[in-house]
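**Student:** This is the structure I want to talk about, given as structure tokens.
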Amino acid sequence: MMVAVFGGGHSGTAQVRYSIRPLPTDSLLHLRIATTFTGEADGVTRFALPDDRFGVASLHRWVRDVEAGPNVRLAAREPGVYEVSHEPRAEVQVVYTVAYDPNEAGFKPFGPSVDAHHFHFFGAQWMARVGAEKGAHEVVRSIEVEFDDTDWDGAWASSYGVGPGPHRIQASDYDLDYSVVAGGAYRTATAQCQGRPVLTAVHGDFAIADETVFALTDSVVCGQRSVFSDFDHPFFTVFITERDDLEAGAPLLHGFTAFLDPGASEEELRWLLAHEMIHTWLPRSARVFEAEHPDAPESRTRWFHEGFTEYLARLTLVKQGLLPRSWMVEQTNEDLRRLAYQPYRTLTLDELDAATQASRYNGVHHRLHYVRGALLALNWDARIRRASEGEHSLVDPIRALLREARANDGAIEIAALSRLFESFGVDAAADIERYLEGGVLLPPELDAFAPDYALRSEELPRFEPGFDVVHWIESGAIVDLKPGGTAERAGLREGMRIRRRGNAAPWHGRWDPSQPIILIVGEDEPRRFEFSATGPSMQVPVFVAVDESSSD
Ligand SMILES: [Zn+2]
């Protein structure tokens, strides 16, 4: 990997200093950002306004009042990019206001969270890039970030450091995109994990008490660090922000951020914290890649980065006593059911890549990686425990993998991953070839939850709405309508386009066969169709308690 350090001749000093000042307005908090930097030797420096990677197109539209200091000229070069003219190597200041309005932008799951009382921005959403063009892993920037809290009595937190700063960091553009500043009506608490601060910042009106959220965050963060014997982060910031209908997050350079529905249960919070915390290792500290597919889409390794993350989240929650083993078994059974209903369950990695390359990759493809990856992790864990007579678990090769990735800039080749697992008795390469590259349906290991759970089978109805399900998922249109089938009898016709659906996504665990599925056709005069999609029964493998009274 080529690494170029932007600028030069200023080693030890920050090349761009960002000062952040919240500007309260009637309905929104704006951020006034002052950047200070040493201009290029030829007297012209590129200055690019924030460019989001989390779903807000042309975020620079919400940036206003771009101003430069004396003896500096600003010229707009292209939308969102300025050319700054100055004396050669002069110290230059450019100031701008981020005035993002979520009501104008519409709902973006990972868009900035902002109102009159709080704000949460990813680096990609507030930070201008000075000099070299923004470019993923290739550029390492040296920056300083500080909070200018004159006239500001709200809380704030960031992933750059604990306290107002200035915090100095060296990071790639990718890492800067995945950083966060937040403030206002956040409640914060700081705990120590092996003498290193863990700051938790919570915003929202949750059903779970703050004390519980703080305590859970601390036990998940510190507990997982013990599991993986990794206490490297000098500090760590966890953001938990209210967002309707969402349970999702993102790993940061030193922390993670999570968005959670205000009505979420404590179980959902435990799961979300554990999942996002595992992401600080996978892929954050150990990104798997395939040497023979260097330009493959990110989805190529999602079975590992998401599936293994999901399995390890469950495993560590149970190990730490934060959720019972019966919960983990039920999660696994739910995966097995979803896999049985997955219309893509036998797709190969190449076929999934092709879908990505043709921009056909959809949410159902996406979930396949999670389910298939978690099941593969379960099987490997079972084999490791069997081969070592219970002495080792999946955690051991993952620890070794983290060590190896650390020595290799945070990346690990899939062949190296296979070798590590092989040393624990798992023929990983053969499984990857058969089940992922070959698309063979993955059977669970019989003894994965032995001795208290055994693999049995459960009778479930097939999902048969009476038309081509894959075509419907990919295009929204009804084709291959079965003559005399329930859909046709309910009034659906060939070529109709489905606008919305209800109780009709068994691959996401959202189908109650005892109730009709609901399909809405047409935009202006929507027509609603309700009918049974229950087909003949099928056998699905599930784990059941051998002795009900001894489970848990
Ligand atoms: Zn994830």
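**Student:** Considering amide H positions built from the backbone, and no H for Pro or chain starts, which residues 5 or more places from Tyr361, or on another chain, come under 5 Å of its amide H?
**Tutor:** Those lying under 5 Å, H to H, from Tyr361 are Thr356.
**Student:** Which percent, nearest 5, of DSSP beta bridges in the range 1-172 are antiparallel? Working shown, then result.
**Tutor:** On the way: 41 of 48 bridges.
The answer is about 85 percent antiparallel.
**Student:** Same structure again: Label points 7 Å out from Cα along the Cβ direction at Val546 and His508: separation in nm?
**Tutor:** The modelled label-to-label distance comes out at 3.8 nm.
**Student:** Taking H placed 1.01 Å from N in the peptide plane, check which residues at least 5 places from Gly255 or on another chain put their amide H under 5 Å from its amide H.
**Tutor:** Counting only residues 5 or more places away or on other chains, the set is Thr237.
**Student:** For all pairs of alpha-carbon atoms in the chain, what percent lies in each bin of width 10 Å, listed from the first bin to the last filled one?
**Tutor:** With 10 Å bins starting at 0, P(r) equals 3, 16, 24, 25, 19, 10, 3, 0, 0.
**Student:** Taking the 0 to 90 degree range and rounding to the nearest ten, how far is the long axis of helix 266-279 tilted relative to the main principal axis of the chain, both from C-alpha atoms?
**Tutor:** 70 degrees
**Student:** Specify the angular offset, from 0 to 90 degrees and rounded to the nearest 10, of the alpha carbon long axis of helix 309-319 from the longest principal axis of the alpha carbons in the chain.
**Tutor:** Taking the Cα atoms of the chain, the angle to 309-319 is about 80 degrees.
**Student:** If you average the alpha carbon positions of the range 97-128 and of the range 217-282, how far apart do those two centres end up, in angstrom?
**Tutor:** Answer, in whole Å: 21.
**Student:** Let me ask something additional. State, as an integer percentage, the relative contact order of the chain based on alpha-carbon contacts under 8 Å between residues 6 or more apart.
**Tutor:** In percent, rounded to a whole number, it is 9.
**Student:** Find out how many positive minus negative residues lie around Ile384, taking Lys and Arg as positive, Asp and Glu as negative, among other residues whose Cβ is under 15 Å from that of Ile384.
**Tutor:** -3
**Student:** How large is the helix-only mean residue ellipticity at 222 nm for the chain, computed as the sum of -39500 (n - 2.57) over DSSP H runs with n ≥ 4, divided by its residue count, in deg cm²/dmol to the nearest 500?
**Tutor:** -8000 deg cm²/dmol
**Student:** If you don't mind, another one. May I ask for the angle, rounded to the nearest 10°, between helix 325-341 and the longest principal axis of the chain, with both axes built from Cα atoms and the value confined to 0 to 90°?
**Tutor:** For helix 325-341, the angle is close to 80 degrees.
**Student:** Would you work out which of Ser265, Ser179, Ser393 lies farthest towards the positive end of the dipole of the chain, given +1 charges on the beta-carbon of Lys and Arg and -1 on that of Asp and Glu, about the Cα centre?
**Tutor:** So the residue we want is Ser179.
**Student:** Hand me the trypsin sites (Lys or Arg not before Pro) from the range 34-122 located in a DSSP loop with no more than 15 other Cβ atoms within 10 Å, in residue order please. Before the final figure, lay out the partial values.
**Tutor:** Working: sites: Arg46, Arg53, Arg61, Arg64, Arg73, Arg77, Arg89; in loops: Arg53, Arg89.
Filter output for the range 34-122: Arg89.
**Student:** To the nearest 0.05, how large is the calculated FRET efficiency for Arg77 and Ser359 if R₀ is 30 Å and r is the Cβ-Cβ distance?
**Tutor:** 0.55
**Student:** Loop only per DSSP, at most 15 neighbouring Cβ atoms within 10 Å: give me the chymotrypsin sites (Phe, Trp or Tyr not before Pro) in the range 449-552, ordered by residue number. It would help to have the intermediate numbers written out before the result.
**Tutor:** On the way: sites: Phe449, Tyr453, Phe463, Phe467, Trp472, Trp507, Trp511, Phe529, Phe531, Phe543; in loops: Phe449, Phe467, Trp511.
Within the range 449-552, no chymotrypsin sites (Phe, Trp or Tyr not before Pro) qualify (loop, at most 15 other Cβ atoms within 10 Å).
**Student:** Using a simple spin-label model with points 7 Å from Cα along the Cα→Cβ vector, what separation in nm is obtained for Glu494 and Arg434?
**Tutor:** 4.3 nm
**Student:** Next up: If you plug each phi of the range 292-301 into the Karplus form 6.51 cos²θ - 1.76 cosθ + 1.60 with θ = phi - 60°, what whole-Hz ³J(HN,Hα) values come out, in order, with x for Gly and Pro?
**Tutor:** Calculated HN-Hα couplings, in order: 7, 10, x, 9, 5, x, 3, 5, 4, 10 Hz.
**Student:** Determine the shape class of the range 465-532: with a ≥ b ≥ c the square roots of the Cα gyration tensor eigenvalues, call it rounded for a/c under 1.5, and otherwise prolate if a/b is greater than b/c, oblate otherwise.
**Tutor:** Cα axes put the range 465-532 in the rounded bin.
**Student:** A follow-up question, please. Between Glu391 and Glu268, what is the spin-label point distance in nm, taking each point 7 Å from the Cα along the Cα→C-beta axis?
**Tutor:** The two pseudo-label positions are separated by 4.3 nm.
**Student:** Also, quick follow-up: What percent antiparallel are the DSSP beta bridges of the range 186-280, to the nearest 5?
**Tutor:** Close to 50 percent.
**Student:** Considering only the other residues whose Cβ falls under 11 Å of the Cβ of Phe236, what net charge follows from Lys and Arg at +1 and Asp and Glu at -1?
**Tutor:** Net charge in that neighbourhood comes out at 0.
**Student:** Can you work out ³J(HN,Hα) from phi for every residue in the range 215-226, in order, using Karplus 6.51 cos²θ - 1.76 cosθ + 1.60 and θ = phi - 60°, giving whole Hz and x for Gly and Pro?
**Tutor:** My calculation for the range 215-226 gives 5, 5, 4, 4, 6, 5, 4, 6, x, 5, 4, 5 Hz in order.
**Student:** Under 14 Å from the Cβ of Asp149, count the other residues' Cβ atoms, weight Lys and Arg +1, Asp and Glu -1, and hand me the total.
**Tutor:** Charge balance near Asp149 sits at -2.
**Student:** So, with +1 on the Cβ of K and R and -1 on the Cβ of D and E, and no other charges, what is the size of the charge dipole of the chain about its Cα centre, to the nearest 20 debye? Please list the in-between numbers first.
**Tutor:** Working: 53 positive and 83 negative charges, 83 e Å.
Dipole size: approximately 400 debye.
**Student:** Using θ = phi - 60° and the Karplus relation 6.51 cos²θ - 1.76 cosθ + 1.60, list the HN-Hα couplings for the range 386-397 in order, rounded to whole Hz, with x at every Gly or Pro.
**Tutor:** Computed from phi, the couplings for the range 386-397 are 5, 5, 9, 6, x, 6, 10, 9, 4, 4, 5, x Hz.
**Student:** Where a Cα-Cα gap under 14 Å defines reach, which aspartates and glutamates qualify for Lys134, not counting those fewer than 8 residues away within the same chain?
**Tutor:** Asp51, Asp52, Asp173, Asp175, Asp177
**Student:** So, one more: Near the amide H of Arg462, under 5 Å away, which other amide H atoms are found, from residues 5 or more places off or on another chain, if H is placed in the peptide plane?
**Tutor:** Under 5 Å from the amide H of Arg462 lie the amide H atoms of Gly535, Ser537, Met538, each far enough along the sequence or on another chain.
**Student:** For the charge dipole of the range 292-456, defined by +1 on Lys and Arg C-beta atoms and -1 on Asp and Glu C-beta atoms about the Cα centroid, which residue among Tyr344, Pro451, Leu323 has the Cα displaced farthest towards the positive pole?
**Tutor:** Of the listed residues, the answer is Leu323.
**Student:** Taking all protein chains together and a probe of 1.4 Å, list Cys222, Cys193 from the most accessible to the least accessible.
**Tutor:** Highest to lowest solvent-accessible surface, that is Cys222, Cys193.
**Student:** Now for a different question. Kindly report the accessible area of the range 247-371 per residue (heavy atoms of protein chains, probe 1.4 Å, no ligands, DNA or RNA), in Å².
**Tutor:** With all protein chains present, the range 247-371 gives 33 Å² per residue.
**Student:** While we're looking at this one, here's another question. Quick check: the distance between the Cα centres of the range 388-404 and the range 288-322, to the nearest angstrom?
**Tutor:** 15 Å
**Student:** I need to check one value: relative contact order of the range 1-172, counting alpha carbon pairs closer than 8 Å and at least 6 residues apart, in percent.
**Tutor:** 30 percent
**Student:** So which trypsin sites (Lys or Arg not before Pro) in the range 445-552 are both in a DSSP loop and have at most 15 other Cβ atoms within 10 Å of their Cβ? Before the final figure, lay out each step's value.
**Tutor:** Details: sites: Arg456, Arg462, Arg489, Arg493, Arg497, Arg499, Arg500, Arg501, Arg510, Arg527, Arg528; in loops: Arg493.
The qualifying sites are Arg493.
The values are calculated or read from the model by the stated rules, or taken from the named source; none is laboratory data. Just so you know, these numbers come straight off a predicted model, no measurement behind them. Glycine also receives a Cβ, built like all others from the backbone with ideal geometry; neighbour counts cover every protein chain displayed. Just the protein is used for accessible areas: all its heavy atoms, side chains included, with ligands, DNA and RNA removed. Shrake-Rupley method; radii C 1.70, N 1.55, O 1.52, S 1.80 Å.
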